[in-house]
Structure formats: C-alpha cells, structure tokens
Amino acid sequence: MSDENKISRRGLFMKLGILFNGLVATALAVPIVRFLASSVTRGRSGSYLSWLPLGRVNEFPEGETRLATFRNPYVMPTDGKTVDTACWVRRIEGEQFQVFAVNCAHLGCPVRWFPQSGLFMCPCHGGAYYRDGARASGPPERGLFEYPHKIENGLITIQAGELPTPGANVALLGNKPPCAS
Amino acid sequence: MRLLAQIGEWFDRRLQLATPIREVAEHPVPRNTASWWYVFGSAALTVFLLQLATGILLALIYVPSASEAWSSLQALNHDVTLGWFIRAMHGWGSNFMVAIVLIHMVQVFLFGAHKFPRELTWILGVFLLLMTLGMAFSGQVLRFDQDAYWGLGIGASIASRVPIAGPTIVNLMLGGPIIAGATLSRFFALHVFVIPGMLIGFVALHLLMVVKLGINEWPMPGRLVRRASYINEYHVLTKKAGAPFVPYAIWKDLFFAAFVLLAVAACALYFGPFGPTGQPDPTIIQTVPKPDYFFLWLYALLSLLPPSLETPSLLIGPVLVIVGLLLLPFLSGEGEKSWRRRPIAVLTVLLIAITLGTFTHLAGYTPWSPHMNAWSGDPVPEQFLQRRSALERQGALVFQVKQCRNCHSLGNLGGQRGPALDSVAVRQTQDQLIRQVIQGGGNMPAYGKNLTPAETTALVAFLETLHPRGQIPARDASRDIALDEDQAQRQKAQR
C-alpha cells in the first residue's frame, strides 16, 4: 500500500465524523421539510375545501346579483378578518344560481358588480365580465371563477376554501355549468 | 488620553484588529476616484444600516399577526411617541434604498466597473438588487392593509401561472389555502430574518471584494481593459499615483451619507408614514389596490400586455432579465470602460429608464381602469343637453344610467378605458354606433343583452349629437342613395 492511500487513524475518524453529521442532518431534514411543505401536502389531500352555506335561497332576489360572505373553513388563531371571504351570488330564477369568486381571473383583484350596465368590473387592470361571468373585455383570459354550489334545506351552499387563482388545479373552479346535486 | 490609549491597546492585543482595519482604511485608491460619482455605494450601505435600525425599532411595537398587525400600525401612527416618524423613516428609507441601489448600478455599468476583474462584485450586486426589491415587496406586505392583502393576491395569481408547480408555489407562498395569518407570518420571517441575513452576508462579500480588487478607476476613453495587463495598470494607478482612501476620498462619502439621511428624515417629516390604508378585510371590496412606487411600472405593464403575451412575459421575462444581468460581465468583460465610447450602453440605460418612467407615470392615473364611481359622480355636462330633442335627451339618460362614463369621458369627465366620446359622431356613422353598442368589440363589452331596442335607439340618437360645432356627423353615403331609391320607389307606387 502506497503512502498516499494510507488512511490515518485521525483521518478515518474525521471522515466518520463527517459521515455521522451527514446522517444526523438527513434525519433532521425529514421533519424540517415536512414542516415547511405542510401547507402544500394539506392542500393535496383536499382537506382545505368544504361545503359552506351562504344564506337562505329567498334572501337572494331572482334576476339579481348580490354580495354574500362566508367564513373560510380552514382557520388559524391569528387569521383575524382575513378568513371572511366575499362572493357574488347570482340568482337566475327559481333554484338556478351562479356563485362567482370576487377575485378577478386576471390577477385576483376584487371585481364589483354594476347592475345598471350589467357588468362585473375590476378596479386594477380594467377587466370586465358579463352577468353570467363570461369574459367581456380587458386583460383576463377567461371568465370569473365559479364555486360549485347546491341547494340543501333551502340554503344555498358552495364548495370553497382555497384562494381562486388562474393556475389553480382546483378542478372545482373551472367555468363549468353549475352541477345540481 | 493615556488611559484611553492603554484600554485600546488592551483590547487590540486580544482582538488584533487594528492593523487590518488601518490597512483597509488607508488602502490606496486611484486619485480620480475621489469623485462625487463614487458615493452611491456607500450611500446604499448607509440607508441599509438606517433600515436595520428603524426596522428593529418598529419590531418593538409591531405585531406580525393578521388579526393585530393593522391595529399595531395604527398604534404606531397615533399612540406611540414618534412612532409615526420611525414608520415614515423606514418607509422613505425603503424608497431611497431602491433608488440609490438603482443609481449605483447605473453608475457602475456606465463606468464599466463590471468588467474584469470585478465580475463577481457585479454578480453579487445583482443579487443585492433582487434582495432589495424582495425587501421592498415583503415590507409592503407587513404594512398589512388592503393594498397588502390584494397585492398578495396578485402575487399568488402570478405564481399560480407557473406550469405544473403553480398551485404548490401558491400554497407555499401563502402558507395555506388563502391569504391569512400564516401568510403574514412567513413574510415577516422573510422580511426580518431571511432576506436581511442574506443581505448582510452579501454586502460583506461585496465590500470585501471592493477592498481586495480596488475601486474601479475613473474610465478614460481609449484606455481599454485587457485581462493580461489590467492588474499591472491598476497597480500603477494606485501604488504609484494613488492616495489613501482615508482621508483622501472618504470625506465625500461621509458628506453624501449625512445628506441622504437628512433627505430621508426630511421626507419622513414632511410627507409622513405610508398608510396603512383600509383594514385587510376581504369582504370590503370597495378598494382600488395599488402597489408601492417601485412596482407601479409592473402594475402598468400587466394592464397593457395583450392577454396572450402576459403569462409568458411574466414567467420568462424576469428570468431573461436576471440571466442577462448575471451574464453581462462575461459578455463584455474587456475593452472600453468609458461611457463616452459605449453608445449602446448609454442608449440601453436611457431606453430602460424612459420605459420604466413612462409605465410608472401611466400607473399614476391608470387610464385602463374604469372609473368605478362615474355613475354616482358627475352628471352629463349641460352643453350636451341643450337644444336636443326628447329622444336625444332620453339617450343621454341611458348614457348616464348604463354607466357608459365608467369607461368613456364626456367633457373631460369619466374613465379613459375607451375613447372620449365628445366627437364620436364624426368618427362613426349611425349604423356603426348601433353595431358597436350592441356587439361591443375592440375591448368594449357587448351591451345588446343589456339595452332594450328603444334604449339603443335613444342612446345612438344622443351619440349622434356628439360632434364639434361646424363639423357634420359621419354618414354612410351609400345609405342615402339606398334610402333615396327606396323613397323613389315608394313615390312611384303611390302614383
């Protein structure tokens, strides 16, 4: 064995020491990464979404669009008012409803309903939508986000819990016709 | 004095820092770098230290909790002695820091200081710029008001557009499914621990390299940088013809640092703190969120990009800009340093400055946004109603009630989203007006479903009166002929 390849006692211990630290670091990385990723893993399991009542059906006049609020199902003690969320409820007629997120499909600013001109307008970048949520003009690439809804015991109930964003994979936020269930 | 000297000696025997500090202070610099153009780096450092100090002071009162942040800011503004002033210093300090860092960067670029051997100093500087912008954005979030809340929404909407990983990034960024307590807490951690820690480390390395490699000499037109000879040439400039940094050059840095601090304090005193605006309550939707000054250009850009270009620009643009800045010292690491002989460099800086300036200016009055209160606001000006028929006045009423002025101005009142309508009758014939109102197009929503035929007729009759005195409204000549023939035939039939 040549001199260069000879492993000294101290050299071996140093390498073992580094290896030992590496093992401990890997073991510690598991809880750290799981802690950091908890907000993602929880979302993947779908536990953010629930069915939330917005009010009695007859609180919403036919042919009109009204602002309703609901409390986000996932609450932390320091959330304050941020868990209260608004949405636009359009009662077409009878039990036919559409419930839109207030967040503009462009960049999430709160859209406002103008009954006189029959448009939702966004104050940020000038997006506009028709009364059925379809895109009318401006930078949005699509119509307003729509919450899935159902009517139970005379209550209009929506499935919500996540911030609607243009790229969200929450299939529920697509521009699909309301599903009656 | 002797006692002081003895105490100093006692410490230095243990710390052994006096010699290296003296060496750094007295390191020779080229004589012509003792210029007022070379003060921006030290000014940026000064403002950074000010931000550290005022930031720590604010943290004594501020509560990073979504339920209490807003009220703790109100307490700072109104209850705590001089709390408003410390907030104002921190807010204005942030604006000054971004501005000075940008000026420093432009000066460094125009003086060719990014060239050999200072490439890494430039690269660290690019990261320092990004961190400064990161501090500016996260700081705006900590001012947890309506702007901060909806600003986070915009951030999340942009992040969500990343292919595949978008929703994951949004959940990571928000710390949960929505903008709430966890979001504020993680931006607090970023703003107070993570980014400042990185900033301190990067600033230290940046300064170390300035000392080790020497400050960039004043660029002389025609004196080219060559990798083979530059170190020797610089050595001649410093060792043979240089002067010690302290006190030969430092006095200008000191004066400018004091001046900048005074300017921040003056702005803080005169203009006061920024916000907070309304409470971060997502059920209050009567709000017009706007970013802070240094992101206004982005706000304008997001309104003006065509929808199809937006996502690619948002996701690819920043990468290209950052990679371009990082590669710059390798693409032009040698050659001419003086801006007098680098016209493309000067034009690039001017082009970027004018572009950002124009976008920022546009964002100041947001011509793309509808005026949300036009209907409840001003009535149709009187001059447009005088000597009008009943139908035309009915049209003016439709015009007002259907909120056309959210987007169109009349008599200089109203939105600028669509064209001003003062002389629309000159531009469009009756048929074109009807088509535009009913079908929309060119960024105008279609109003067909929203207007009865009678309302449309009245509205168009009113629009047809909108032309300057002495100019006849546009008309379709073929239509006249068609009508004439029609009338002639009718007359024939009558006979």
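Looking at B:V29, B:V47, just one residue is outside any helix (DSSP H, G or I), in contact (Cβ under 8 Å) with a residue 24 or more places away in the chain, open to solvent by less than 50 Å² (accessible area, probe 1.4 Å) and of a type in the set (V, I, T), and that residue is B:V29. If the condition is being outside any helix (DSSP H, G or I) and either aliphatic (A, V, I, L, M) or modelled with pLDDT of 95 or more (or both), then the range B:32-44 contributes B:A34, B:V39. Could you please find all residues in the range B:365-417 being under 18 Å from B:T457 (Cβ atoms), within 14 Å of chain A (Cβ to nearest Cβ) and open to solvent by 50 Å² or more (accessible area, probe 1.4 Å)? Matches in the range B:365-417: B:L397, B:V401.
Are there helices (runs of 4 or more DSSP H) fully within the range B:55-147 with at least 2 residues that are within 23 Å of the chain's Cα centre (by Cα)? List them. The qualifying helices (runs of 4 or more DSSP H) are B:83-110, B:119-142. Looking only at residues of the range A:121-158 that are more than 10 Å from chain B (Cβ to nearest Cβ), open to solvent by less than 10 Å² (accessible area, probe 1.4 Å) and of a type in the set (A, V, I, L, M, F, W, C), we find that the one that is nearest to B:G448 (Cα to Cα) is A:L144.
Residue-by-condition table, conditions (1) in contact with a helix residue (DSSP H, G or I) (Cβ under 7 Å, 6 or more places away or on another chain); (2) at pLDDT below 90; (3) more than 8 Å from every other protein chain (Cβ to nearest Cβ):
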{"residue": "B:T283", "(1), (2), (3)": "no, no, no"}
{"residue": "B:T287", "(1), (2), (3)": "yes, yes, no"}
{"residue": "B:Y293", "(1), (2), (3)": "yes, yes, yes"}
{"residue": "B:W297", "(1), (2), (3)": "yes, no, yes"}
{"residue": "B:S303", "(1), (2), (3)": "no, yes, no"}
{"residue": "B:L309", "(1), (2), (3)": "no, yes, yes"}
{"residue": "B:L315", "(1), (2), (3)": "no, no, yes"}
{"residue": "B:V319", "(1), (2), (3)": "no, no, yes"}
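Of all residues in the range A:63-115, exactly one satisfies the criterion of being in contact (Cβ under 8 Å) with a residue 24 or more places away in the chain, in contact with a Cys (Cβ under 8 Å, 6 or more places away or on another chain) and open to solvent by 50 Å² or more (accessible area, probe 1.4 Å), namely A:L67.
Residues that are touching a Leu at 6+ places or on another chain (Cβ under 8 Å) and either without any contact (Cβ under 8 Å) to a residue 40 or more places away in the chain or within 9 Å of another protein chain (Cβ to nearest Cβ) (or both) within the range B:145-162 comprise B:L152, B:G153, B:I154, B:A156, B:S157, B:I158, B:R161, B:V162, listed in sequence order. Taken together, B:L199, B:L190 contain a single residue that is in a helix (DSSP H, G or I), at pLDDT 95 or above, more than 7 Å from chain A (Cβ to nearest Cβ) and open to solvent by 10 Å² or more (accessible area, probe 1.4 Å), which is B:L190.
Here A:V24 does not qualify as open to solvent by less than 70 Å² (accessible area, probe 1.4 Å), assigned to a helix (DSSP H, G or I), in contact with a Ser or Thr (Cβ under 7 Å, 6 or more places away or on another chain) and not aromatic (F, W, Y).
The values are calculated or read from the model by the stated rules, or taken from the named source; none is laboratory data. Note that the structure is a prediction, hence the values are computed from the model and not measured. Using ideal geometry, Cβ is built from the backbone for each residue, glycine included, and neighbour counts are taken over all protein chains shown. Side chains included, ligands, DNA and RNA excluded: accessible areas come from the protein's heavy atoms. Shrake-Rupley method; radii C 1.70, N 1.55, O 1.52, S 1.80 Å.
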